[in-house]
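What follows is a short report on a single structure.
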């Protein structure tokens, strides 16, 4: 996904390392720190770069074939670029029948070549998006993933060949980038020579854009500087929030999403129609598949905890193990490394806390949970009806259709689903259904000075500023046994709403605002507008 995640990305072709690029070093890097402070290793390597981002993972066979072919193509290009080995030796290398075998043949031939020529030029090995395809395997089939990285797995054999090459002195250094450590961790002794840099404090700001960087970029395209503050506030809500080290006080922005926004904004000085980059939608499908890793029901419980509490505590895993069952800690960390959760801080006891970083990710969660609710209720075919209900709320101020849709969902849930159901569950259900239509920007638990928190607001979407009706909700939930408290609960909800309307200047500034008190008695919805 085009999102920030705890990984360090490698760009370019290794120009500061490559011996063939030595004459370009001054031109490329003279104005940068690395050009003004060159290291002894500058332009002294042959750079071998693999990129595993384009592998077709639709089937077991296609994954293996694309991985093998990619390795062969990379080595063929490398040998040609540096004029290594004669034609016969190159062909011998490329006729290897497995990834590990091809790499072993290459280093064996290189050993003979070095003995014959006396050339001691080392290799700097770069692997970009090393886990791009293995993450897709993990999401698609946990058992296939385990086979691929197991003792005899072809991915393990590939990395074992690299490990041996470093021990023999052919590979002097390597730099591997990706999203998750799951693959390398799973290789254990097959590739235990790397150091995980992503969690180090000094690398934190490489994971995205800092606020100052975003402000500078915005001002490159912004013509009306008076709008800077408001736009930055929106960008914070949508794209900021990532943290990968609890000792770092600030967060970073999703760089890809910021650049998407600025690219769309620069010409007409208007927000894009879709605040989420359309390229993110394929990753929505991946998010759904991620929840099917190992135990779907347990993973949905994790999602519900995140949505209800706004956070979840778990240990941070720097070493995954698939010897034991894949559990809650593993899943929370998988979401973290995939960029769907980020660090919030620690508990009183020092245990890490994770939360949803920003509105982009929250919206994906809400949309997914909306489908989960409909799946539970067995009414997935009613998505068009839901869109009609949201349109009635937006254009005509008629919230009844959406609340009736929610009621129908609740009435089709099982008693098990109601065992832990509460006000937060009601709010999450309403938000999840509303998010599937993507008509509103939804805000939860906004603090009113000296008067608590507003349960839920449906606000004009930045991409649709002309939307007529907006909403503020106060939500209450009663168990079936407490139905006699319905009227007093409804009055309490309306009183709270009146307090918000009297004291909050933002609510007072809205032209077409609907204030709605909603009380659910188990699976029956009651509401009143004030």
Q: Look through 100, 41, 96 and report the one residue that is crowded, with 17+ Cβ neighbours inside 10 Å, in a loop (DSSP other than H, G, I, E, B) and over 30 Å from the mean Cα position of the chain (by Cα).
A: 96
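Right, residue 84: assigned by TED's automatic domain parsing to the domain that holds residue 179 and closer than 20 Å to residue 159 by Cβ or not? Give the steps one after another, and end with the answer.
Values: assigned by TED's automatic domain parsing to the domain that holds residue 179: yes; closer than 20 Å to residue 159 by Cβ: no.
No: the conditions fail for residue 84.
I need the full set of residues from region 328-338 which are in contact (Cβ under 8 Å) with a residue 24 or more places away in the chain and farther than 22 Å from residue 362 by Cβ, in order please. Talk me through it step by step, then tell me what you get.
Taking region 328-338 first, the residues in contact (Cβ under 8 Å) with a residue 24 or more places away in the chain are 328, 330-332, 334-338.
Of everything in region 328-338, just one residue is in contact (Cβ under 8 Å) with a residue 24 or more places away in the chain and farther than 22 Å from residue 362 by Cβ, namely 330.
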(Q) Please pick out the residue among 307, 303, 276, 334 that is out of contact with any strand residue (DSSP E or B) (no Cβ under 9 Å at 6 or more places or on another chain), within 21 Å of residue 441 (Cβ to Cβ) and assigned to a helix (DSSP H, G or I). (A) 307
Q | Residues of region 44-72 that turn out to be outside any helix (DSSP H, G or I) and touching a helix residue (DSSP H, G or I) at 6+ places or on another chain (Cβ under 8 Å), as a count | A | 13
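Just to be sure before I move on: is residue 175 in the same structural domain as residue 97 (by TED's automatic domain parsing), in a helix (DSSP H, G or I), under 33 Å from the mean Cα position of the chain (by Cα) and closer than 23 Å to residue 75 by Cα in the structure I sent? Let's see the steps before the verdict.
Details: in the same structural domain as residue 97 (by TED's automatic domain parsing): yes; in a helix (DSSP H, G or I): no; under 33 Å from the mean Cα position of the chain (by Cα): yes; closer than 23 Å to residue 75 by Cα: yes.
No; evaluated as a whole, the condition is false for this residue.
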Q: Working only within region 415-446, note down all residues that are within 15 Å of residue 377 (Cα to Cα) and without any contact (Cβ under 8 Å) to a residue 12 or more places away in the chain.
A: 415, 416
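The values are calculated or read from the model by the stated rules, or taken from the named source; none is laboratory data. Because the structure is a prediction, the values reported are computed rather than measured. Using ideal geometry, Cβ is built from the backbone for each residue, glycine included, and neighbour counts are taken over all protein chains shown.
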